[in-house]
Amino acid sequence: MSLNDSQRAILLKVARDSIAHGLKTGRPLRLDLQSYPPELTVTRATFVTLERQGQLRGCIGMLEAIRPLVEDVAENAFSAAFRDPRFPPLADDEFAELDLHISILSPAEPISFSSEQDLIAQLQPGIDGLILQEGHLRGTFLPSVWEQLPDPRLFLRHLKQKAGLPPDYWSDTVKVSRYSSEMFS
């Protein structure tokens, strides 16, 4: 699914408006889905990433599509600003300095592999977002994380740590899925 510039602008405005609404009311923006183009009301999973002065300030999203796209963006923008456990809730004076990035995810597909080396060989730097799962532990990296971790081995090591596993951990029960994303800001 590829959005045009107008549709992207609408989603970015909704994200910013939801954060502004959150600063005033403590709640995400409620939307009337009838007032949005049909392309923005399909069920899709998104992540909203906030940066301030080039530094991560919040990132929240969904790996499974459960809400209409525009509603998912509004909820995730609010959550990235006020519910990311890594950061304090956004303050009024930070709002003007925020850069917003929206990622619309494709459905995740499992990767079949016989070993860690086989998995690493199948990774597509810059393209694949990954979900790694071991038992109840799970972590994901969006495709944009390849910019900071371009080496597939390092990418996987850091993803294991994000999931709560040691970086050199490996087991035959590890599951990995891939997805792509359309990202814009």
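Read the figures in this text as sums done on the coordinates, not as results from a lab. Since this is a predicted model, take the numbers as computed values, not measurements. When we count neighbours, we look across all protein chains shown, and the Cβ atoms used for this are built from the backbone with ideal geometry, even at glycine.
Summary of computed values
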item: Unit charges on C-beta of K, R, D, E only; dipole of segment 5-105, Debye; result: 160 debye
item: Neighbour-count ranking [beta-carbon atoms within 10 angstrom, fewest first] of H101, H136; result: H136, H101
item: Percentage relative contact order, segment 6-132, counting C-alpha pairs under 8 Å, at least six apart; result: 27 percent
item: Directionally averaged projected area (convex hull, Cα atoms, segment 1-118), nm²; result: 9.2 nm²
item: Relative contact order (percent, whole number), segment 130-185, Cα cutoff 8 Å, 6+ residue spacing; result: 46 percent
item: Debye equation applied to the C-alpha atoms of segment 75-185, log10 I(q)/I(0) at 0.13, 0.14, 0.21 Å⁻¹; result: -0.56, -0.64, -1.19
item: Total formal charge among the other residues, if their Cβ is under 11 angstrom from that of L12, Lys/Arg +1 and Asp/Glu -1; result: 0
item: Cβ-based exposure ranking for T140, T41, T46, T25, in which fewest neighbours within 10 Å come first; result: T25, T41, T140, T46
item: Dipole magnitude of the chain, debye to nearest 20 (Cβ charges: Lys/Arg +1, Asp/Glu -1, about Cα centre); result: 340 debye
item: Farthest positive-ward along segment 68-185 dipole, Cα basis, beta-carbon charges - from S103, P88, Q148; result: Q148
item: Residues F47, F141, sorted so that the one with the fewest Cβ neighbours within 10 Å comes first; result: F141, F47
item: Extreme residue, positive dipole direction of segment 109-184, given options S112, Q124, L159 (C-beta unit charges); result: L159
